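Participant: A single structure is presented below for examination.
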């Protein structure tokens, strides 16, 4: 019920925001919602053009978050290791990629890495590499905090029962860790969906790029960018909905 109220509230705010834009005194600006209206043929064509950016946005976001979560888990284990070399790798990685702005990393990977290595990198791989590397530092700290939140008594009990260290990690520590860190992981994925828009600066045809291109053609920036806001809003709401369902399922499994 709370989730439905949250979704309805956000949709209401989006509609209210749109209404405020259309009703406020905009001086010489003349609104032209026909350009993005599903009623007119021009609007349907433009909406279809905007929606084409959905696939690149989801592709970059899903692949990047998968890589960053995997790297983050490995780095978290490095940070919790008793081997000092691994600890140093964790600390250097986190401090480095947490400090570099995403846009700077994107530009360096796309323009600088080919010069440094002699290997040409396409737009999509450059976006994925940049987003995955910068996000992996945050994922590492999320996993590290989640693993440390599990009581040591559970680890010791599993070892007494004859479990090896990998078995303790797989069957005891990680399942509880993932349950505990699910909300911040969802937040990172929502962040990834939004920050993927930065890939438009190197020409990736995602949602924001499509909106920029359509604005140049139709000269209706406010209408088009309002639709863009709604697109990202719907994406994040869908992610939140499925995340809440997963969380409820995990909670019900814990009660059983």
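Nothing in this text is a laboratory measurement; each read-out follows from the coordinates by a stated rule. On a predicted model such as this, the values are computed, not experimentally measured, just so you know. Cβ atoms come from the backbone with ideal geometry, glycine included; neighbour counts cover every protein chain shown.
Participant: Give the relative contact order (percent, whole number) for the range 178-248; include only Cα pairs under 8 Å separated by 6+ residues.
Facilitator: 40 percent
Participant: In whole percent, what relative contact order does the chain give with Cα contacts below 8 Å and a gap of six or more residues?
Facilitator: This gives 26 percent for the chain.
Participant: Calculate the spin-label point distance for residue 77 paired with residue 170, positioning each point 7 Å from the Cα along the beta-carbon direction, and give it in nanometres.
Facilitator: It is 1.1 nm.
Participant: Who wins for biggest fluctuation among 143, 86, 189 in a Gaussian network model of the chain, springs between alpha carbons below 10 Å?
Facilitator: 86
Participant: Which residue, 171, 111, 225, tops the fluctuation ranking in a GNM of the chain built on C-alpha contacts under 10 Å?
Facilitator: Result: 171 has the largest fluctuation of those listed.
Participant: How many nm separate the modelled label positions at residue 40 and residue 59, each set 7 Å beyond the Cα in the direction of the Cβ?
Facilitator: About 3.1 nm separates the two model spin labels.
Participant: How compact and how long is the chain, expressed as Rg and Dmax of its alpha-carbon atoms in Å?
Facilitator: Values for the chain (Cα only, Rg and Dmax): 22.4, 76 Å.
Participant: If you don't mind, another one. Arrange 192, 161, 105 by Cβ neighbour counts within 10 Å, fewest through most, would you?
Facilitator: 161, 105, 192
Participant: Take 215, 177 and order them by how many other Cβ atoms sit within 10 Å, fewest up front.
Facilitator: In increasing order of surrounding Cβ atoms, one gets 215, 177.
Participant: What whole number of Å gives the distance from the Cα centroid of the range 72-116 to the Cα centroid of the range 151-185?
Facilitator: One Cα centre to the other: 26 Å.
Participant: Further question: Using label points projected 7 Å from each Cα along Cα→Cβ, tell me how many nm separate residue 251 and residue 145, to one decimal.
Facilitator: Rounded to a tenth, the inter-label distance reads 2.0 nm.
Participant: Just rank 155, 88, fewest to most, by other beta-carbon atoms within 10 angstrom.
Facilitator: Arranged by neighbour count, lowest to highest, 155, 88 become 88, 155.
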